[in-house]
Each structure stands twice: as C-alpha cells, then as structure tokens.
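Step one of this worksheet: look at the structure below.
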Amino acid sequence: MKVAMLYARVRVEEKLLFEELQRRGVECEMIDVREVSFDLHDMTRWAQYDVVIERCISHSQAEAALSILDMFGVKCVNTYRAAHICGSKLNTTLELIRHGVPSPNVRIASTPEAALETMAAMGGQRPDGRYERPVVLKPAVGSWGRLLAKVNDRDAAEAILEHKDTLGSYHHSIFYIQEFVNKKAGRDIRTFVVGDETIAAISRTSEHWITNTARGGKAEAVRVTPELDRISVAAAKACGGGVLAIDLLERDDGEIVVNEVNYTMEFKNSIAPTGVDIPAKVVDYALGVGSGQIAISTYHMPVSGPVAGAGAR
Amino acid sequence: MATVECTECGAEIEAADNVINGEILPCPSCGAEMEVTSTKPLKVELAPEVREDWGE
Ligand SMILES: Nc1ncnc2c1ncn2[C@@H]1O[C@H](COP(=O)(O)OP(=O)(O)OP(=O)(O)O)[C@@H](O)[C@H]1O
Ligand SMILES: [Mg+2]
Ligand SMILES: [Zn+2]
C-alpha cells in the first residue's frame, strides 16, 4: 500500500494522520501542493499511489488537484465531488435540499440591490428599518467563521453590502443569505462522519453567536443519538460522502438542521473530549479506499485506465 | 531537539525531533508563525498569511 498526502500547511491534523500511517508501517509520501505541477498529458507519476489523502488548507488548490486526480482515476479521500459540494455553501445547500436533509432557509442574490431586498423580506423589515428576526450573510466560500455577518436592520445591511461591493473579491458578488437560527442553549453540534458511521460528536458553546473552536468556542462531547447519526450520515451522503464534519444547529424547538459540511475536517480539539481516536478512523477509511474494500464514486467521466493520459502528448 | 532562529525577531525556536516539512512553529517570543522548510538542517521561513479560501 502506498499513500500520498497532499498538503499546503501541516496542521496538527495532518501530523496526526501522518503519524498514524507511520505507526501502521504504511508508506506515506507528503506532497506539498505548492510545489506540484500536474502534467495533464502524463499522469504516470500519480499511478504509484493506491490512495491520495487530500488535506490542502486552500479550497481552490484542493479542488483543482482533486479534479485532475479524479479524472485520471487516482483514488482520493475525500473525492472531488465532496470538495466541489462542501467547498461552496451554495452547492452544499443545493444538495441538502435535493436529498431532503433539513437545513436553514437560504436565499441567493447576485447584486447588492437584490440582496438588500432579499434580506428585508427574510428578516421581516419593519417601517423603521429594523428586522423582526436577524439574517446571516455569508461568503459562499470560506471557513473558520470568517466574514459572517449577522444583520439586524437595513442600515447594517446597506453598510455591509457597500463594503463587500467595494472591498470584496469576486466571490463576494454572490450573496448567500441564511435565516438566523436561535440555538437551543446557545450551542451548536458538530459530528464527524467517516463512511457510513458517525464516529463522534461535540457541542460548541461560546458567548458569541459564532461558536467555532477556531474562534475560541468550547468543545464538549455529545452522545451520538440515533437521530444525530441519521441526519449526519444523510448529510454526508448528500455531500459526496467520505470523511466529513457536519455542522448542525438545534433550534429552540429541538429541530436539528444541517448548517454546513466540511471536507477537510479539523479535529484536534475533539479527540480529547470525545475519547475517539479520530485519526485512526480516518486512516482506516483511507486504507479501505486504497485497498479497494471501500468504493468511492468519481465525478468526471473516467478516462480509460487509471492514468490513461500517460504518453498521450 | 533542534533549535532555529525566528526570521522576524531572532529568538530561538525549538522543534521536536519528529518535526516534518510544512509544519508551523509559532515563535515563543514574537508570536510569528514559522513554517519548517527543511528538517536536516532545521530551516524555517515566515509562514504565508491566511487566505480567503483557507479552512476546513
Ligand atoms: N444561520 C445561523 N444561525 C445561527 N448561527 C449560525 C448561523 N450560521 C452560522 N452560525 C454560527 O457560526 C458558526 C460558523 O458558521 P459556518 O459554519 O457557516 O461558517 P464557516 O466559516 O464555514 O465555519 P466552519 O469553520 O465551521 O466551517 C456556526 O458554527 C454557528 O455557530
Ligand atoms: Mg465551513
Ligand atoms: Zn519571533
């Protein structure tokens, strides 16, 4: 078995996965994606790996690499399909809706003017400009809770939209507008799905409405109830499957909805509270894919043979 | 345990024996993030800043 790990920054997670592979005596080549150039006419170099574990910190670099490897039949964890869906909050929401997985209400607008009216409608704008209920404006691509805006009135909406229009990159010209979910006990839930199983769950609590542990939220173990397992696995399947972290919000009335799905999951803060050896589970899965015991689906129409591009100059 | 100088403030940074390329070592003195670019000998560079598309 030969494994490669694609990375651009070795976080604690990448180190833990590497060490787990070492412990099992599995050869793992660490490949810095910043130094890679893919020869699209000769992909033979990549044929030597039974599986590539993709752990790039940059979504655009990950998505490009996975798209290429996927088309040439190199098995990857996670798949291009999962990265393509989970890397975009819009794509994620679309797949959750398609698969009937409960998720917060979302509307999409493509100009600041349309976004302003959309937010007014979703928020229930009063004559004085205040919203009946807050709305959340998010970049369609992004993570770690950055650049999320909880908007309570029209004045704030106008200011944020103007800033985005002036300062934002082209990614900010898609406006992803979500209902604000009033969280029961001020916490949210993250589950870790590997294959068909929810291996662990934590809750995250913070004084702030954004509870990410990357932003100081406190993690505590949560029991994986059958309900939590069902919705988590359904969300994972909808979003391409593999090794995924599911962010769930529990409404006041107890209903659980899927906020989003992460395909390069960070888990260093979740091992101790849950007592689950998450890197070992991930490595089990990756080796299962590498040995062919676990089937993964490709996105691109496969070219014939594993690296059929070879020699086709 | 090897040590290397922080490129920003010159303080000594320690690295564990099992350190690997690409790992981030925070400088204990100035807090800058150093990326390991070579392990034998140990070399570091200032790690790139967080980009918009970085994350999970
Ligand atoms: N609609 C919402 N209602 C209430 N809280 C929300 C909502 N959207 C996000 N949050 C809070 O903000 C956190 C981060 O949101 P989200 O996961 O959408 O952003 P992200 O930047 O992709 O972060 P992550 O690193 O978790 O992927 C959530 O875990 C939750 O605590
Ligand atoms: Mg996210
Ligand atoms: Zn320093």
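The values are calculated or read from the model by the stated rules, or taken from the named source; none is laboratory data. All values derive from a computational prediction rather than experimental measurement. When we count neighbours, we look across all protein chains shown, and the Cβ atoms used for this are built from the backbone with ideal geometry, even at glycine.
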Selection from the range A:160-191 of residues surrounded by 22 or more Cβ atoms within 10 Å (Cβ to Cβ), closer than 20 Å to A:THR274 by Cβ and out of contact with any Lys or Arg (no Cβ under 8 Å at 6 or more places or on another chain) yields A:THR191
Residue in the range A:100-119 that is nearest to A:VAL151 (Cα to Cα), counting only those that are of a type in the set (Gly, Ala, Ser) and crowded, with 18+ Cβ neighbours inside 10 Å: A:ALA115
Number of the condition not met by A:GLY129 [criteria: (1) touching a helix residue (DSSP H, G or I) at 6+ places or on another chain (Cβ under 7 Å); (2) among the small types (Gly, Ala, Ser); (3) within 14 Å of chain B (Cβ to nearest Cβ)]: (3)
Is it the case that A:ILE202 is within 15 Å of ligand 1 (Cβ to nearest atom) and in contact with a Leu (Cβ under 6 Å, 6 or more places away or on another chain)? no
Residues of the range A:210-224 being among the hydrophobic types (A, V, I, L, M, F, W, C) and either more than 15 Å from ligand 2 (Cβ to nearest atom) or touching a His at 6+ places or on another chain (Cβ under 8 Å) (or both), which ones? A:ALA219, A:ALA221, A:VAL222, A:VAL224
Go through the range A:1-15 residue by residue and tally those that are free of Cβ contacts under 8 Å to residues at least 24 places away in the same chain and touching a Cys at 6+ places or on another chain (Cβ under 7 Å). 0
With the structure loaded, tell me whether A:ILE97 is touching a residue at least 24 places away in the same chain (Cβ under 8 Å) and either part of a helix (DSSP H, G or I) or under 26 Å from the mean Cα position of the chain (by Cα) (or both) or whether it fails that test. no
A:MET122 fails exactly one of (1) out of contact with any Gly (no Cβ under 6 Å at 6 or more places or on another chain); (2) more than 13 Å from A:ILE177 (Cβ to Cβ); (3) surrounded by 18 or more Cβ atoms within 10 Å (Cβ to Cβ), namely (2)
Please enumerate the residues belonging to the range A:166-217 that are of a type outside the set (Phe, Trp, Tyr), closer than 16 Å to A:VAL258 by Cα and part of a loop (DSSP other than H, G, I, E, B). A:VAL181, A:ASN182, A:ILE210, A:THR211, A:ASN212
Can you give me the ranges of the helices (runs of 4 or more DSSP H) entirely in the range A:219-297 with at least 3 residues that are under 20 Å from the mean Cα position of the chain (by Cα) and buried (at least 19 other Cβ atoms within 10 Å of the Cβ)? A:226-238, A:278-290
Out of A:LEU90, A:LEU147, report the one residue that is surrounded by fewer than 18 Cβ atoms within 10 Å (Cβ to Cβ), within 19 Å of the chain's Cα centre (by Cα) and at positive phi. A:LEU147
Tell me, which residue of the range B:25-49 that is within 14 Å of chain A (Cβ to nearest Cβ) and surrounded by 15 or more Cβ atoms within 10 Å (Cβ to Cβ) is farthest from ligand 2 (Cβ to nearest atom)? B:THR39
Taking the range B:4-46, which residues are outside any strand (DSSP E or B), touching a residue at least 24 places away in the same chain (Cβ under 8 Å) and closer than 21 Å to A:GLU14 by Cβ? B:ALA32
I'm told A:GLY100 meets every condition in (1) away from every other protein chain (no Cβ under 14 Å); (2) at pLDDT below 95 except one. Can you identify the failing condition by its number? (2)
